[in-house]
Amino acid sequence: MQTLNPAVLIASLSVFVLAAFLGYQLISRVPPLLHTPLMSATNAISGISLIGSLVIAGMHKVDFHALAQGGAGAKPSIATLLGFIAVVTASTNVVGGFGITDRMLKMFQQRKKVMPQGGSK
Amino acid sequence: MEQTGVNYLLEFTYLVASILFVLGIKGLSHPETARRGMFMAEAGMLAAIIGTLFHNGIITYEWIAAGLIIGSIIGALMAIWVPMTAMPQRTALSHAFGAFAAALVGIAEYTLHGGAAMPTFTRGALGFEVMLGALTTTGSLIAAGKLQGIVRGTPVQFKGQQILNLLLFGSMVGCFIYSIINPEATLFFYAMVALGFIFGIMLVIPIGSADMPVVMSLLNSYAGLAAAATGFVLGNNVLIIAGTLDGFSGLILSILMCKAMNRSITNVLFGGFGAVHHASALGAGGEMREISLDDAAVRLAYASKVVFVPGYGLATAQAQHAVRELANALEERGVTVKYGIHPVAGRMPGHMNVLLAEANVPYGDLYEMEQINPEFSSTDVAVVVGANDVVNPDARDNADSPIAGMPILEVDRAKSVIVLKRGQGRGFSGLENPLFFKSVTSMLYGDAKSSLTQLAQEVKNV
């Protein structure tokens, strides 16, 4: 990560542009009926930033690379704390987001019941 | 060599997760496939998390385990207990959480490596991530507070507000740019973080509750873009993909919401809609005709087609189930019942559909504005429950109206209209609604929930 290879930058940008294009195509096809579940679903999915915070929370003080570079032993532990809080909020989003999306979608599953013809007397 | 083996496996897991996310959102194109799609996305998420736990940079699991357990418990409790009416608040809160996580990861990376050790581009992406994350965090918290009623829902405006906001924004961006140019400028980096948190608050307090659908979508977009920027910082594609999908979803929804209100995003952000209006309505004079419960019930019972037009007032009156009861009673008599849903009927995109689905209304009966408008001319009775501006014919007929050009549900084209309303007062925006004075319109005053329940009883007895 320290030395940014231009090829990596180009690759990242390509992924971004393609994802943007794909996102536009996908999301324009979601009917307004499901816009609330869409919002909570994409929210849960972007909780993937959890994987970034996991790595930071798990590095702890014994990150030799950071120690060799920065020297100060206290620095990584601030990062650990921040990483920990990020793990909490991101996993809240993942679990809560998917949970609530499913709860909503369950309600939409219902099919129309067969109507009694002409009303009952 | 074993180390690279693990990394290849992890990269592959991330690729699979990205594909599953895309398939998950694709599933949302239809209610029948939506749940299956979400299961795929969940599987992708699980794979990505488990794969990451084997990341060779992780050497201790105490913090991770504690964080995952606490987060999962909070998330699960929210998923189980949050009522559907509170969905906008919950979503705003989750925007805040997501953005906060992105901001914290960025700050943590900065404390670990320091600005100087990063290539300029990475420093820029990191600054962008933290700035956007910070302002989205506080902005979303204020939005959630407004929706929940903790923070005053009406726009908070004062003299010099726009200049103050502009100054805040300018200094925040200034700090951002300077911290990119000068890698040693740690102080400016943290100043940017602080300004971001403050700017988020200032950005949302002048916006009224009725504009929340746009604000929610916009904050959704910011939270997603912050996550995508995290992906650039960490060089992680699945983060870029997931964040971009989220960001674009929010952006598309904001555009749709703005179109549905015929307003621009800048107008929503800086207009302070819902503050004061001194506009006169065309032909708003005359008398409103009141209708009794009995008469309304008879009219509904002998109709052949009834369209319900629910607004946010339906949700505040908790009358979703009562509407469904009345609809059931009518359908048993052979009346065709449909629902016309305006895009901004709730407090977030698609909110009204969720509320009606919860009340067991089959989604096949829920019609979008474009679908239902041509049908009003063949509708015997249109029943407006807790909606006002979205059925205001002034938006169509009066070019001087503040809501001129806003697409509406054209209930005034129906053969007759029954408006359920608490009292004779004006609607949320304070605008006079000429619909109420039209000859086809009858007013049924009272609490929507009890009126609907009584109507259902009466219809059964007709």
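The values are calculated or read from the model by the stated rules, or taken from the named source; none is laboratory data. Since the model is a prediction, treat every value here as computed from it, not as a measurement. Virtual Cβ from ideal backbone geometry, glycine too; neighbours counted across all protein chains shown.
Before moving on, here are some points about what is shown:
- Residues of region B:17-36 classified as loosely packed, with under 15 Cβ neighbours inside 10 Å and not polar (S, T, N, Q), total: 3
Condition check ((1) within 28 Å of the chain's Cα centre (by Cα); (2) β-branched (V, I, T)) across all residues:
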residue: B:L10; (1), (2): no, no
residue: B:T13; (1), (2): no, yes
residue: B:S29; (1), (2): yes, no
residue: B:R36; (1), (2): yes, no
residue: B:I50; (1), (2): no, yes
residue: B:A79; (1), (2): yes, no
residue: B:A99; (1), (2): yes, no
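- Among the residues making up region B:109-136, those that are in contact (Cβ under 8 Å) with a residue 60 or more places away in the chain and of a type in the set (S, T, Y) are B:Y110, B:T120, B:T122, B:T136.
- Any pair with Cβ under 9 angstrom, 6 or more apart, that starts in region B:17-39 at a residue that is under 15 Å from A:T101 (Cβ atoms) and touching a residue at least 40 places away in the same chain (Cβ under 8 Å) and ends at one that is of a type outside the set (S, T, N, Q) and not in a helix (DSSP H, G or I): B:I25/A:V30; B:P31/A:P31
Yes or no, residue by residue, for (1) within 14 Å of the chain's Cα centre (by Cα); (2) at pLDDT below 90; (3) more than 7 Å from chain B (Cβ to nearest Cβ):
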position	(1), (2), (3)
A:S14	no, no, yes
A:Q25	no, no, yes
A:L33	no, no, no
A:T36	no, no, no
A:A41	yes, no, no
A:A57	no, no, no
A:L67	no, yes, yes
A:L81	no, no, yes
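- Of all residues making up region B:301-321, the number that are under 16 Å from B:D365 (Cβ atoms) and in contact with a helix residue (DSSP H, G or I) (Cβ under 7 Å, 6 or more places away or on another chain): 8
- Complete set of residues in region B:37-76 that are assigned to a loop (DSSP other than H, G, I, E, B) and either more than 7 Å from every other protein chain (Cβ to nearest Cβ) or exposed (fewer than 14 other Cβ atoms within 10 Å of the Cβ) (or both): B:F54, B:N56, B:G57, B:I59
- Output for region B:178-202, where each listed residue is in a helix (DSSP H, G or I), aliphatic (A, V, I, L, M) and more than 20 Å from B:A101 (Cα to Cα): B:I180, B:I181, B:L187, B:M202
- As a summary of the residue check, B:P155 satisfies the conditions (1) over 18 Å from B:I265 (Cα atoms); (2) modelled with pLDDT under 90 except for the one numbered (1).
- Qualifying residue in region B:301-309 (condition: modelled with pLDDT of 90 or more and within 26 Å of B:A86 (Cβ to Cβ)): yes
- The conditions of being in contact with a Pro (Cβ under 6 Å, 6 or more places away or on another chain) and not polar (S, T, N, Q) are not met by B:G106.
- Some residue of region B:431-441 being in the same structural domain as B:L300 (by TED's automatic domain parsing), part of a strand (DSSP E or B) and either hydrophobic (A, V, I, L, M, F, W, C) or crowded, with 20+ Cβ neighbours inside 10 Å (or both): yes
- The sole residue among B:G145, B:G127 that is closer than 25 Å to A:T36 by Cβ and among the small types (G, A, S) is B:G145.
- Residue pairs meeting the criteria (Cβ under 8 Å; at least 6 apart or on separate chains; first on the phi < 0 side of the Ramachandran plot, in region B:143-154; second outside any loop (DSSP other than H, G, I, E, B) and among the β-branched types (V, I, T)): B:A143/B:V204; B:A143/B:V215; B:K146/B:V204; B:V151/B:I142
- Filtered by the rule that a residue be in a helix (DSSP H, G or I) and either hydrophobic (A, V, I, L, M, F, W, C) or facing chain A (nearest Cβ under 7 Å) (or both), region B:26-36 gives B:K26, B:P31, B:A34, B:R35.
- Reported count of residues in region B:235-250, each being within 19 Å of B:H95 (Cβ to Cβ) and polar (S, T, N, Q), is 2.
- Some residue of region B:59-80 being farther than 30 Å from B:V173 by Cβ, among the acidic types (D, E) and at pLDDT 95 or above: no
- Among the residues making up region B:124-140, a single one is surrounded by fewer than 24 Cβ atoms within 10 Å (Cβ to Cβ) and more than 17 Å from B:S221 (Cβ to Cβ): B:G124.
- In a residue-by-residue description of region B:112-131, the property of being among the aromatic types (F, W, Y) and not in a helix (DSSP H, G or I) applies to no position.
- Flag if B:F97 is under 21 Å from B:T136 (Cα atoms), assigned to a helix (DSSP H, G or I) and among the aromatic types (F, W, Y): yes
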